[in-house]
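The values are calculated or read from the model by the stated rules, or taken from the named source; none is laboratory data. Quantities reported herein were computed from a predicted structural model and do not represent experimental measurements. Positions of Cβ are backbone-derived with ideal geometry, glycine not excepted, and every protein chain shown enters the neighbour counts. Each accessible area value is taken on the protein alone, full model and side chains, heavy atoms only, with ligands, DNA and RNA left out. Shrake-Rupley method; radii C 1.70, N 1.55, O 1.52, S 1.80 Å.
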Amino acid sequence: MTSSLSIRALTPDTLHLFHAYPHSSHPSVGREASQDYSALLAQGKVRPEWTFVAVRDDVVIARAAFFGRPDSVAPLALDWFELGDSADRVAVGTLLAAHAYAAVGRGGMGEPEFNLLMPPDWRSRDDIAGEIADRCAAIENAGLVVAQQRFGFRWEPSDGLPARSVRLTFVPGTDAEFLAAIRAGLPGTLDGHTVTDLARGEDFAAEQLLDSVITLPGRDDWRLARDAGGAVVGAIFPTVISNSASIGYITVAADHRGRGYVNDLLAEGLHVHAGNGRTVVTASTDLANAPMKAAFDRAGFRTVTVQLDYWPGLVFRSLGEGDTELFGAYPHAPVEGVGYEDKVDWRRNLAEGHYKPHWMWVAIEGGVVRGRMAFWGFPADTAPKVVDWFEPGDDVEVGAGLMRAAYATQDADPRPEYALRTPAGWRDTPLRGEVEARVAAAERAGLSVFVERHGFRWTAERGLPERSARLRFREGTDEEFVDAVREGFPGTLDAYTREDCEKLGAQATAEQEVAGFADYPAGRDWWRLAENADGEVVGAIFPARNYDSAIICYITVVAGHRGNGYVHDLLAEMLHIHAENGAESVGGHTDLPNLPMKAAFLKAGFAITGGRIDLR
């Protein structure tokens, strides 16, 4: 690259430089070949001050232009970006993009983005691989990051018009009604733009979505969908973009999902467009939104493009199958003793199915991973059970935004909790700030502390307590264990148990607990009922192994037999069972207010090694 290279923002008097670019636009990469810059300029969708060229030796060797609405203060996207054919085209493109973004500044969150349009088979197209790679390298070097990929769809009458719904009624509505319909569809959304907007609240996200369609032609074609009972179950927003009919937006209320209403909505959108004489309809959805893609496929749409969306600035996103290594790009080492990050191998969890790419999240700004978190679940789970990895980075607000965005995709009830491992006596240690920062970020994301727990660990060198001589331990049926667990509930000091008993009742809670114990990878053969000399069941023990170590999964003393010190006999038996099965270390937890259980652990030879704060 020589010193004669210059990057110029255009003015009305220098617009001829844009047209002096000596190369034809690529026929299948980007939007340039399908756009008419002069027409867009006349419509106010591109402007001289949003247009840039790279000039070397008086020759235009690269060009870029941002797109926006006629009334936009700032552009929405960079969708014209051509690098020419110079040997240093990537470096030229980087300077061009960096200069252009610095000049136009920032719009909303993620704006102006860079959109790169490609054929759906681009990964197998050697003829376009270099063009795509160079544009991506240039834009990434300029500080933008891939936020998401999107499918582009096209429907024509020859693809077949799906049957109109007979179970839903479609009616016009006010802007307020459509805004309410959009808001009702936000929980569990898989749309990347919306997930990012949700970090700023549901009101903001809903208003952004409405704003994205209300300025486009087609407002009279919008329809609310009502079921037989009159409830609004969704909405469809047929629009016109650049003289092309489009499915501008579609939403199904979260509490009405699972009934296939998206198919009815899409069919209605197509019928509305067809009734207005529009013979080509386009649409798009995120690569991660598999349910929406399947709906488009069923409605007869064909996948015609894939679009890469790059965003400047802070982005919260889940990972995909091909970019999970981004999780490992976090530049800081885990804090030893805070959280589970220093104890967990995320790659192993991913390989074993406890993490899934779309359960793993990062906060990215300028190409730097500023925070990361992951939901954990069993390999067969379709929804995660807990957050066990959360590193908010050096800014609590970034961590809060990351957690808020990730939780916005979780619509299970109850939603996953955040389990924060803490050092023993953390309030009096140098790590207090690390713990408090994570709690603060989670609380700003909408979670609150439910309970704090002591963590205990027994190791073989501490010795085994003497086995009970007054109780007999035997195996039992699931029903017997459910009975023993239920009879231990009265007076319990365990916060989770008290809450579940209030919600579900004692019997259902006991059944749920025992079923949950059986989910552990090892331990059902170790369960024991404890009987006194009269043959009465006085308690039960549930030794188990999780994916990390042997644990005191659950222990209960029947309420009518408390006060006899049986908890010590039960704990001793559990340790002997674990030791007989090769365990040299056993972990356990109890709530901070449960002083009797804490004393029992210490008497059995356990040491307090840390704790856990559960937030929900």
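Structure notes:
- Cα-based reach from LYS356 at 21 Å (exclusive), listing lysines while leaving out same-chain residues under 8 positions away: LYS293, LYS343, LYS385
- Probe 1.4 Å, accessible area per residue of segment 293-358, Å²: 44 Å²
- Rg to Rh quotient for the chain, alpha carbon positions, Kirkwood Rh: 1.07
- Accessible surface, segment 418-569, averaged per residue in Å² (probe 1.4 Å): 49 Å²
- Computed over segment 1-145, the alpha-carbon pair-distance distribution with 10 angstrom bins reads 11, 44, 36, 8, 0, each value a whole percent.
- To put it simply, the accessible area of the chain at a 1.4 Å probe is 50 percent carbon and sulfur.
- 3J(HN,Hα) couplings calculated from phi for segment 500-517 with the Karplus curve 6.51 cos²θ - 1.76 cosθ + 1.60 (θ = phi - 60°) are, in sequence order, 5, 5, 5, 7, 10, x, 5, 5, 5, 5, 4, 5, 5, 4, 5, 4, x, 4 Hz; Gly and Pro show x.
- Sequentially through segment 21-30, phi angles give Karplus couplings (6.51, -1.76, 1.60; θ = phi - 60°) of 4, x, 10, 6, 5, 5, x, 9, 10, x Hz, Gly and Pro residues having no value and appearing as x.
- The trypsin sites (Lys or Arg not before Pro) found in segment 230-299 that occupy coil by DSSP, while having at most 14 further C-beta atoms within 10 Å, are ARG259.
- Computed about its Cα centre, the charge dipole of segment 1-88 is approximately 220 debye, with only Lys, Arg, Asp and Glu carrying charge at their Cβ.
- Three-way shape call for segment 334-393 based on the alpha-carbon gyration tensor, with the a/c threshold at 1.5: oblate
- Fraction of the pair-distance distribution of segment 163-307 above 25 Å, Cα-Cα pairs, percent: 20 percent
- Taking packing as the residue-averaged number of other Cβ atoms within 10 angstrom, the listed peptides 571-578, 370-377, 486-493 run from highest to lowest as 370-377, 571-578, 486-493.
- For segment 250-266, 3J(HN,Hα) per residue [Karplus equation, 6.51 cos²θ - 1.76 cosθ + 1.60, θ = phi - 60°, Hz, x = Gly/Pro]: 9, 9, 10, 4, 4, 7, 10, 6, x, 10, x, 5, 4, 5, 5, 5, 4
- LEU224 sits among other residues whose Cβ lies under 14 Å from its own Cβ, and their net charge, with Lys and Arg +1 and Asp and Glu -1, is -3.
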